[in-house]
1. Please go through the range 85-117 and pick out each residue that is part of a helix (DSSP H, G or I), out of contact with any Cys (no Cβ under 8 Å at 6 or more places or on another chain) and more than 25 Å from ASP311 (Cα to Cα).
2. Report, ordered by the first and then the second residue, all pairs with beta carbons closer than 9 Å, sequence separation of six or more or different chains, a first member in the range 129-149 that is under 21 Å from LEU108 (Cα atoms), and a second member that is in a loop (DSSP other than H, G, I, E, B) and modelled with pLDDT under 95.
3. In the set GLU246, GLU324, which member is in a helix (DSSP H, G or I), over 25 Å from HIS94 (Cβ atoms) and at pLDDT below 85?
4. What are the residues in the range 343-362 that are at pLDDT 90 or above and part of a loop (DSSP other than H, G, I, E, B), if any?
5. Given the conditions (1) small (Gly, Ala, Ser); (2) surrounded by fewer than 19 Cβ atoms within 10 Å (Cβ to Cβ); (3) within 27 Å of GLU57 (Cα to Cα), which single one is not true for GLY152?
6. Examine the range 436-445 for a residue that is modelled with pLDDT under 85, part of a helix (DSSP H, G or I) and of a type in the set (A, V, I, L, M, F, W, C), and state whether such a residue exists.
7. Quick one: which of LEU365, LEU394, LEU383 is part of a loop (DSSP other than H, G, I, E, B), modelled with pLDDT of 85 or more and on the phi < 0 side of the Ramachandran plot?
8. Being at pLDDT below 90 and surrounded by 18 or more Cβ atoms within 10 Å (Cβ to Cβ) is the filter here, so list the residues in the range 209-226 that pass it.
Amino acid sequence: MTTGADEAAAAARFGGELDNFRSAAARALEEDPTAELPLRLVGNGWRAWNLLGRLAEGRDWANRVLDRYTGASTQAFGRALVAAAYLAEEQSDHRQATLLAERAETILEMSGDERGLSDCWIVRGQAARCGGDLLTAEPLYLNAYGVARDVGDGFRAAKAADALGWIAHYRGDIGGAAERFGEALELARAVGDRRQVGLMLGNLGATLTSLGNPAEAVPHLTEALEIATELGDAQGVGAALQSLGECDKRQGRLRAAGERWLAALDIVRESGFTPGEAACLDSLAGAATAAGRHGEAVGLFAAAAAIRERDGSGDVAGGPVEDETRAAHAAVGTSAARLRAEGAAWTADEVRAAAVEVVADLPGLLAGERPDAVLAAAKRVGLTAREVDIVDRLVERKTDQEIAAALFVSVRTVTTHVSAVLRKLEVASRRDVAARAAELGIVTT
């Protein structure tokens, strides 16, 4: 298994040589059904499929290889089962992940493969945790952590410590969670695994935010975002943006928070990471509640719950999300059932449209103070404060990609804002924005 600083390079090589891999695996399966090469390729290659975002293809190859070796009991077969289990878990197929990990555990226990057993327990723990079964998950993680520490495997110890941090978090022991995440971060840094470091930074930052220390959390989350961007880790980028949005919210910048959550939603949705998608919608729904847009809040909460029901991850139990859901339902009264049913049936485009409307109406901005005359001029033509941010950057001749990077939003969000700016300023192209903004008194740079 490749970890550490070489992981991204290995994934890049794997992506570039994917056709060669397919040919080699297919030939090995056809020519020598007793050879273990295909099993070893799957057992060692699952992380590359994961990094490349090709989970479905990875699972397909793993299943083809495992089907060919049905009944085998070698260590290589056990490791291939673990790989298939990890890929299934990454796609939130918790039941299949558990079944595969249990089969692998039986085989790897006979071969004395302690590292492989740690992987089995981590996968089974993850599946149980996502299903809300913390009583099953915790001892599995503890077993994995203990064995990994005993054999000096910092990579797996970090994964288990991180998972135990989430167990503590779910139980309300936020301080204990921060300690576990901090330990996981130290282990990951010692191993030199950039992807794991980014993950642990994100989890520690999110926990510090929950402890009421958003200013302390921001540096951790910013580093997590940088690492995820560097590695092309869409899930990591989405998670960091969502947590930075929570920091903005706690620091009174609700609009900035909404923009980050909307950007995160686009990213995790494109990557197919449904738990992240549901979490983003919960955050946006909470913002809608705070802004008094209770109908949209009920719909967005229902859309998030529908995603969790489809992927089998269960409902959110307790905490701010449940409290905000109740508040939104209470605010709409007898319309709650209808709005909930509508939200659960929304298409992906309808969900995003509702989220965009909510964000456009949120108070609190990333932009600094603006002169009253500028705000008045913008108001006269119907520009929102975020659209004034866009005007500033159009005047500077920034591209959509540059604007997205500056404002921590997606290119798609910028494109939507630019279209609104052109319409409200009554100009034909972005090249005309500078002259029109100066004419109206909206130029702020």
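The values are calculated or read from the model by the stated rules, or taken from the named source; none is laboratory data. Because the structure is predicted, anything quoted here is derived from the model rather than measured. Neighbour counts are summed over all protein chains in view; Cβ atoms, including those assigned to glycine, are modelled from backbone coordinates with ideal geometry.
1. Across the range 85-117, the qualifying residues are THR106, ILE107, GLU109, MET110, SER111, GLU114, ARG115, GLY116, LEU117.
2. ALA137/GLY131; VAL147/ASP153
3. Working: GLU246 fails: at pLDDT below 85.
Selected residue: GLU324, the only one of GLU246, GLU324 that is in a helix (DSSP H, G or I), over 25 Å from HIS94 (Cβ atoms) and at pLDDT below 85.
4. If the condition is that a residue be at pLDDT 90 or above and part of a loop (DSSP other than H, G, I, E, B), then TRP346, THR347 are the ones that fit.
5. That leaves (3) as the condition not met.
6. Within the range 436-445, none of the residues are modelled with pLDDT under 85, part of a helix (DSSP H, G or I) and of a type in the set (A, V, I, L, M, F, W, C).
7. When all the criteria are applied, what remains is LEU383.
8. THR209, SER210, PRO214
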